[in-house]
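Trainee: This is the structure I want to talk about, given as structure tokens.
Every number here is computed from the coordinates shown, using simple stated rules; none is lab data. These numbers were taken from a predicted model, which means no experiment stands behind them. Note that each Cβ is placed from the backbone with ideal geometry, even for glycine, and that neighbours are counted across all protein chains shown.
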Amino acid sequence: VLVDDLPTPALVVDVGALTANLATMAAACPGNRLRPHVKAHKCTSLARLQAEHGHTGFTCATPREALGMAAAGLGEDLLVANEVLDLRRLRDLSALADSHAIEVTVAVDSDATVRAAATAGIRQVLIDVNVGLPRCGCRPTDAGALADLARSLGLTVRGVMGYEGHVMTLEPLQLTDRMAQAEVVALAMDRLRAAHDQVGGDVISAGGTGTYDLHEHTGVTEVQAGSYVLMDTHYARLGLPFVQALHVIGTVISVAAHWAVADVGLKALGMDHGPPLVPGHRVLVVSDEHLTFSPDDDSTPRHRVGDRVEIVPAHVDPTVAMHETLWLVDGEQVVEGWPVDLRGW
Ligand SMILES: Cc1ncc(COP(=O)(O)O)c(C=O)c1O
């Protein structure tokens, strides 16, 4: 099958770029120094490649991701790096841990999440600490008491996690001063280490694609990067050594004097980091099923109805989550179709 034969919008991954990204990260964060986040690709076939590169512990954002990873035989050490209160889903996770002899650890940041984990039979938790991102995580000063509560309920507390999502990319510093980013990451990790001093345990888990190489001296024991393997325009601006592996292929379905329209709209593209990139063109409008774009200048050849266009998403995670299949491609050839099988909650 050729790429041109795929029905569009088609999510494609370039095998050469994917292989390069896997190797680059495995060299920088070998073995369990990296706990790949599967939320970026939601695909067990891709996770298996990460495991083959030595990363056998994984980060998940939803119970569904952890259940799917375990079912695929990739459950050696799964971290649900997110707060879960739903007892049914937590019980599914703990039943899985019992029946498949897999390891499941769940993030907790409140009395309620600790008690839910204990009630559902979860055995291991990490104390999730707020390191500056206005999202989940307890105050560093509350971490010790939460760990005490968890232990009193029979849970094993493996350590702490703290996601510094607010400094994954820094604007406008990101383009000029990565040292400044390193300093802000270090400050965020001071909070995490302070919490760890009270909590104990072997694990200090943090980081992502934007900071994977800024943790040499932060005390962090594992990095939770996900996007690195596929990449997007948002992370491309940081000048990291990862290459763009993910594209959405569209078909031009209409043309006008000054623009062309492809069949790749909001329902095929995560737009929370802005519009996608159509090389050589400006994106004018993105609506439900349409992307309207016009050439940068007169030297750019005009598109015709039926042409194929390669679109670079601005944000990998939500883009992938909108597609059922991730097509592995090598030049014009389609090598394989991988189900995006970890979707859902
Ligand atoms: C808890 C957690 N860890 C790590 C990451 C890093 O992912 P990425 O490498 O895609 O930036 C994320 C991304 O949102 C996250 O939510």
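Trainee: Most mobile of 290, 273, 315 per a Gaussian network model of the chain (Cα springs, under 10 Å)?
Mentor: 273
Trainee: Same structure again: Can you find, among 16, 314, 143, the residue sitting farthest towards the positive end of the charge dipole of the chain, where Lys and Arg contribute +1 and Asp and Glu -1 at Cβ?
Mentor: Going by the Cα projections, it comes out as 143.
Trainee: Let me ask something additional. Please say if the range 191-290 is rounded, prolate or oblate, where rounded means a/c under 1.5 for a ≥ b ≥ c the square roots of the C-alpha gyration tensor eigenvalues, and otherwise the choice is prolate for a/b larger than b/c and oblate otherwise?
Mentor: Prolate, since a/c reaches 1.5 and a/b exceeds b/c.
Trainee: Would you please give the FRET efficiency between residue 76 and residue 119, computed as 1/(1 + (r/R0)^6) with r the Cβ-Cβ distance and R0 = 22 Å, to the nearest 0.05?
Mentor: 0.30
Trainee: For the chain, with only Lys/Arg (+1) and Asp/Glu (-1) charged at the beta-carbon, what is the dipole magnitude about the Cα centre, in debye rounded to 20?
Mentor: In total the dipole reaches around 700 debye.
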